[in-house]
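In what follows, a structure is listed as C-alpha cells, so that the remarks can point back to it.
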2 protein chains.
Amino acid sequence: MARNRTPEGSADESGRRVPPAARTARGSYAVGDERRQRILDTAVDHFARRGFHASSLARIAKGAGITQGGLLHHFPSKEDLLLHVLERADAADREGFLAREFESAAEMFSMLVRLAEHDSARVEQTRMFNVLAAEAGDPGHPAHAYFARRYAGLVEVMAGVLRRAARAGELRPDMEAVAVAVAQEVAAVLDGLRIQWVLDPRGFDLAGRFRAYAERVLRALSVDG
Amino acid sequence: MARNRTPEGSADESGRRVPPAARTARGSYAVGDERRQRILDTAVDHFARRGFHASSLARIAKGAGITQGGLLHHFPSKEDLLLHVLERADAADREGFLAREFESAAEMFSMLVRLAEHDSARVEQTRMFNVLAAEAGDPGHPAHAYFARRYAGLVEVMAGVLRRAARAGELRPDMEAVAVAVAQEVAAVLDGLRIQWVLDPRGFDLAGRFRAYAERVLRALSVDG
DNA sequence: GTCTATATCACGATAGAC
DNA sequence: GTCTATCGTGATATAGAC
C-alpha cells in the first residue's frame, strides 16, 4: 500500500476510467464498465465488513469473479480502488442531495429522510460509510481528505438552506447565528443513528427515527412553531 | 486471528489478569500492572489509528517497549487484548456516567457535556471508539456484542431518566411516549459530532457544540420551555 | 483484459531458552 | 516476565504469457 499515491492519472474527471483499448478498438465502454461496476460493488461489501486496511484485494477480486491480477488491471492499487468506490457513492449523493436547490428547509429535511430510507435499504454500504468515515479521522488515511471535504460541503449546503429559510420567513430570524451548529447537528444525528442502526438493523426504523427528529427540529426552528 | 476464541480463561471477572507468579511470589501486582497499562494505552492508540483488524501486535508491543512475544505473555491473543481495552474504557464509563443516579434531565445532560469535554481531551481514544463502534456493526466482529450491549444500556438509562423527569414535572408529559427516540437521538448527536470532530479537531469545539444542542433540546422538552 | 507465477514482506501465534 | 526463533498464512504489487 501507499506506494502509488497518485492514481488519478488513469481516471478522467468524473472518475470513470477510460481504458485506451476500449476507447480505440470498439468505441464502447459497456463491457469493461460492467466488470468495473462488479468490482466496485464487491469492494463496497468488503470495505464495509473490515474497513480499508483489513480488506484484501485477492478476496475482493474473488468476489467479483476474477483474480487479483485481473483486478489490478482495472484499479492499479488498493488506494485507487477505494477512491473510486467513494467517488461513485458520492456521485449518487451529489445527484440526490448536494446538487439540489432547496426552496425550503422543509424540502431539505424531507430529502434527508429519503436519504435515510435509501441507507436503510443498503446495510452494507451504510456500514462502509460508518467505518470509513471513522477510519478517515486519521490524517494519514487515504480517504481523509475525501471525508473532510464531504462534511464541510454538506454542512455548508445545509447551513445555507437554513439561512435562506430564515431570511424567507420560514424559520426564526435567530437561525442566522446558529445555522452551522444546527447543520452539524443534523449531520450528526444521521451519522449517529446509522451507527446504532447498523449494530441492530431490526432494532428500530432508521428513516422513521430520523423523520421524527427532523419534524421535531423543524417545528422548534419554525416561526410558527 | 480468531484461532483462540476463548481468552477469558486467563482473566478474572473484573478483567484484570492475575498471573500466578505475581500472586504467589510477591503478593504485589504493581509492576505487572504498570506494564499492562502501558500496553493497553498503546493499544488504544493503534486501534484508534487503524481499527482492530489492521493493527499489529508487533507494532503495539514496540510502542509499549517490549517485543511481540512479551506482549502475548500478558494478553494471549489479539482479540483478548481488544476485549481488555474495551473493558477498561467501559469501567471508566460506568464510574463516570452509567453508575450515576440522575435526579433530573438537566443533571444528566450536564454530565454528558462533561463526557464530551473528556473526549475532546483525548483525540486518540475518541477516534478508537468511532472506528470500533462502526466496525462492530459486523456481527462477526469481536466487539459486536460489547457495542450492541453498550448502546442498549446507554439508551435504557437515558430513556429512564427522561421518563422520570416527565413524571416529576421537569419535562412535558408526552415525554413518556418518545423517551427512547430522544435517548437514541442524544446518543446519535454525541457520536455524530465525534466523527466530524475527529476529522477536524480544530474546526469546532466538540463539547461546546454538544452543550448548545443539549440546551436547545432541554428547552424544547421542558414544561416551561 | 485476464491469467499464472513470483517477489517481498508482514501478520498472529507457538515453543522454548534464560 | 521477556526474549529469540520460527511456523504457516496471507498481504500488495510486479512481470510477463496468452
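The values are calculated or read from the model by the stated rules, or taken from the named source; none is laboratory data. Because the structure is predicted, anything quoted here is derived from the model rather than measured. Positions of Cβ are backbone-derived with ideal geometry, glycine not excepted, and every protein chain shown enters the neighbour counts. Just the protein is used for accessible areas: all its heavy atoms, side chains included, with ligands, DNA and RNA removed. Shrake-Rupley method; radii C 1.70, N 1.55, O 1.52, S 1.80 Å.
Among the residues of the stretch A:82-89, are any at pLDDT below 85, more than 13 Å from DNA strand C (Cβ to nearest atom) and either outside the structural domain of A:PRO142 (by TED's automatic domain parsing) or open to solvent by less than 30 Å² (accessible area, probe 1.4 Å) (or both)?
Yes, the conditions are met somewhere in the stretch A:82-89.
Pick out the one residue from B:ILE60, B:ILE66 that is more than 23 Å from the chain's Cα centre (by Cα) and aliphatic (A, V, I, L, M).
The conditions single out B:ILE66.
Would you confirm whether or not the stretch B:198-206 contains a residue that is in the same structural domain as B:GLU124 (by TED's automatic domain parsing), acidic (Asp, Glu) and in contact (Cβ under 8 Å) with a residue 24 or more places away in the chain?
Yes, the conditions are met somewhere in the stretch B:198-206.
I want to confirm something. Restricting to the stretch B:28-82 and keeping residues that are polar (S, T, N, Q), part of a helix (DSSP H, G or I) and within 12 Å of DNA strand D (Cβ to nearest atom), which single residue is nearest to the other protein chains (Cβ to nearest Cβ)?
B:GLN68
Within the stretch A:113-146, how many residues turn out to be open to solvent by 10 Å² or more (accessible area, probe 1.4 Å) and hydrophobic (A, V, I, L, M, F, W, C)?
Residues flagged as open to solvent by 10 Å² or more (accessible area, probe 1.4 Å) and hydrophobic (A, V, I, L, M, F, W, C) within the stretch A:113-146 amount to 6.
Taking only the stretch A:54-74 into account, find how many residues are without any contact (Cβ under 8 Å) to a residue 12 or more places away in the chain and either farther than 26 Å from B:ASP138 by Cβ or more than 7 Å from DNA strand C (Cβ to nearest atom) (or both).
Residues meeting the conditions: 7.
Could you tell me how many of the residues in the stretch A:192-222 are within 27 Å of B:PRO139 (Cβ to Cβ) and acidic (Asp, Glu)?
Residues meeting the conditions: 2.
Applying the selection to the stretch B:146-172, what residues are within 7 Å of another protein chain (Cβ to nearest Cβ) and closer than 30 Å to B:SER222 by Cβ?
Selection gives B:TYR151 alone.
Pick from the stretch A:132-145 the residues that are touching an Asp or Glu at 6+ places or on another chain (Cβ under 8 Å) and more than 7 Å from chain B (Cβ to nearest Cβ): which of them is nearest to A:ALA92 (Cα to Cα)?
A:ALA143
What residue, of B:VAL178, B:VAL131, B:VAL161, is among the β-branched types (Val, Ile, Thr) and either free of Cβ contacts under 8 Å to residues at least 12 places away in the same chain or within 22 Å of A:ASP205 (Cβ to Cβ) (or both)?
Going through B:VAL178, B:VAL131, B:VAL161 in turn, the sole match is B:VAL178.
Looking only at the stretch B:147-166, decide whether some residue is touching a Phe, Trp or Tyr at 6+ places or on another chain (Cβ under 9 Å) and open to solvent by 60 Å² or more (accessible area, probe 1.4 Å).
Yes, the conditions are met somewhere in the stretch B:147-166.
Name, by its number, the condition in (1) surrounded by fewer than 19 Cβ atoms within 10 Å (Cβ to Cβ); (2) at the interface with another protein chain (Cβ under 9 Å from one of its Cβ atoms); (3) not charged (D, E, K, R) that does not hold for B:ALA177.
(2)
Could you figure out which of (1) under 21 Å from the mean Cα position of the chain (by Cα); (2) among the β-branched types (Val, Ile, Thr); (3) surrounded by fewer than 19 Cβ atoms within 10 Å (Cβ to Cβ) isn't true of B:ILE195?
Looking at each condition in turn, B:ILE195 falls short on (3).
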